[in-house]
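One structure below.
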Amino acid sequence: MSQSDLVKRQFGHRARLALSPAQVLKTDDQAHAARTMWNLLHAWWLMMPKEKRTLANADTAIRQAREDVDFLAVLPAQAAQAVLKTYFLAWRNCWDGRADAPNFKGRFRTMMSVDIPQGRDLNITRVHRRWGMVNIPKVGRVRFRWTKDLPVGKRAGAENRITGARLVKDALGWHIAFRVQTLEAKPEPHQGPEVGIDVGVAVPLALSDGETYEHGDWLTGKEKTRLLHLEQRAAQRKRHSSSGKRTSRRLHRTYDRIAGLRAKAKRRALDWQHKTTTHIARTYGTVVVEALTITNMVKSAKGTVEEPGKNVAQKSGLNRSISGEAWGRTVTMLAYKTAQYGGTLHKVPAPGTSLRCSACGFTTPGSRESQDVFVCKNLDCGWSGNADHNAARNVLHLYRMGLALIPAAGRAVVRRVKRVKPAAAR
């Protein structure tokens, strides 16, 4: 196989860590030290004149801080350098208009994390089918859940290796996110069929060929009852707390239990999204979705004092449902998975796809009789069927007409794109 037939792939893999209580304390201390290092860098940045805000001066400042403050010494030197690089990268993203300006990181509102920049420090070994071992600097050897074959041992090389990792703590405990680099064979063009996808709330994913992907509630009945009880308890304790004083430990423990249940629901949602998008990417060669501006769709309906909004509670519930489905994350997964399997992902304009008849192409008032039924009011047509599948067929039809969105100069514009048929269809 020639070098031109290979493609470099970089991806992340997250695994659960099995830390002992002593190791949890050490990792927590490192995370708090990393957060403190960030805050010290931010204070130094605000105090320094513009001409002295250089990477060399900042490096000298953090080295001096590690010597003066014993608490910062628990953070490995390479992890401290990673905090410095991340901070300067945050300012670069701000200047380029990709993010807001960096700010101080609070103790309770910041995700605890520690970076391990060098992959050679990890020394990963596989113990057996379900568990592996990884070395964490200044913590020791730690077991992690082995759910994916990683390039370690004989499989590792200059092109197939783990370049680093990051320790991340959420409501379910500590996890490690490996940065993996591999050299794989370039995928052959996918010969599967074309499909249009309509996303929704009642039906999460409806395909133009009549297939649907649905899911149940992310929490069981007992877990929902438990979550409601914890939220009521937190509201009661917050109502009786004194204003201006520190939040009680009981209230923090209640918040942690609420966060644990919500993190469990999110993990189940991510699992469903990964399995669903992988199946779609393997089955279809061309996937077409709507270009939705989700931030505009979930705006509040409260309005202003002069012009108050209508149906505010109903709109708030709809916004929560839209955010819970995470349509943008689904499209992101489809984008890199279709490319991995040799397929392509295209976006088409969203207006009118749910109101247009996929049989005759006319848009007539009142055709969308209910949430799931579409009946064309055109007297020469009269087609009726599932509303979600009708919208998915319209999405695919826009692509076949060549109306695909191509990003240009930071915005999306409609251009006619030449449609290439799969070899099987020629």
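Do any residues in the range 55-74 that are farther than 13 Å from residue 41 by Cα and assigned by TED's automatic domain parsing to the domain that holds residue 33 have Cβ atoms under 6 Å from those of residues that are part of a helix (DSSP H, G or I) and of a type in the set (Asp, Glu), where the two are at least six apart or on different chains, and which pairs are they?
So the pair list comes out as 74/29.
Determine, yes or no, whether residue 403 is touching a residue at least 12 places away in the same chain (Cβ under 8 Å), within 29 Å of the chain's Cα centre (by Cα) and surrounded by fewer than 17 Cβ atoms within 10 Å (Cβ to Cβ). Explain how you work it out, then say what you get.
Working: touching a residue at least 12 places away in the same chain (Cβ under 8 Å): yes; within 29 Å of the chain's Cα centre (by Cα): yes; surrounded by fewer than 17 Cβ atoms within 10 Å (Cβ to Cβ): yes.
Answer is yes for this residue.
Among the numbered criteria (1) surrounded by fewer than 12 Cβ atoms within 10 Å (Cβ to Cβ); (2) assigned to a helix (DSSP H, G or I), which single criterion is violated by residue 202?
(2)
If you check residue 230 against the conditions, is it surrounded by 12 or more Cβ atoms within 10 Å (Cβ to Cβ) and in a helix (DSSP H, G or I)? Reasoning before the result, please.
On the way: surrounded by 12 or more Cβ atoms within 10 Å (Cβ to Cβ): yes; in a helix (DSSP H, G or I): yes.
So residue 230 fits the description; yes.
Only one of 148, 154, 138 is on the phi > 0 side of the Ramachandran plot and either free of Cβ contacts under 8 Å to residues at least 24 places away in the same chain or in a loop (DSSP other than H, G, I, E, B) (or both); which? Let's see the steps before the verdict.
Details: 148 fails: on the phi > 0 side of the Ramachandran plot; 154 fails: on the phi > 0 side of the Ramachandran plot.
Within the list 148, 154, 138, the selection yields 138.
Out of 34, 65, 58, I need the residue that is closer than 17 Å to residue 137 by Cα and either of a type in the set (Gly, Ala, Ser) or surrounded by fewer than 16 Cβ atoms within 10 Å (Cβ to Cβ) (or both). Which one? Let's see the steps before the verdict.
Details: 65 fails: closer than 17 Å to residue 137 by Cα; 58 fails: closer than 17 Å to residue 137 by Cα.
The conditions single out 34.
Kindly indicate the residue of the range 233-244 that is of a type outside the set (A, V, I, L, M) and either closer than 20 Å to residue 265 by Cβ or assigned to a helix (DSSP H, G or I) (or both) and also modelled with the highest pLDDT among those meeting that condition.
To start, the set of residues in the range 233-244 that are of a type outside the set (A, V, I, L, M) comprises 233, 236-244.
Imposing the further condition that a residue be either closer than 20 Å to residue 265 by Cβ or assigned to a helix (DSSP H, G or I) (or both) reduces the set to 233, 236-240.
Working: 233: 92, 236: 88, 237: 85, 238: 84, 239: 81, 240: 75.
The qualifying residue modelled with the highest pLDDT is 233.
Considering only residues of the range 300-320 that are exposed (fewer than 13 other Cβ atoms within 10 Å of the Cβ) and at pLDDT 75 or above, which is farthest from residue 7 (Cα to Cα)?
Of everything passing the filter in the range 300-320, 313 is farthest from residue 7 (Cα to Cα).
The values are calculated or read from the model by the stated rules, or taken from the named source; none is laboratory data. Here the structure is a predicted model, which means the values were calculated and not measured. Using ideal geometry, Cβ is built from the backbone for each residue, glycine included, and neighbour counts are taken over all protein chains shown.
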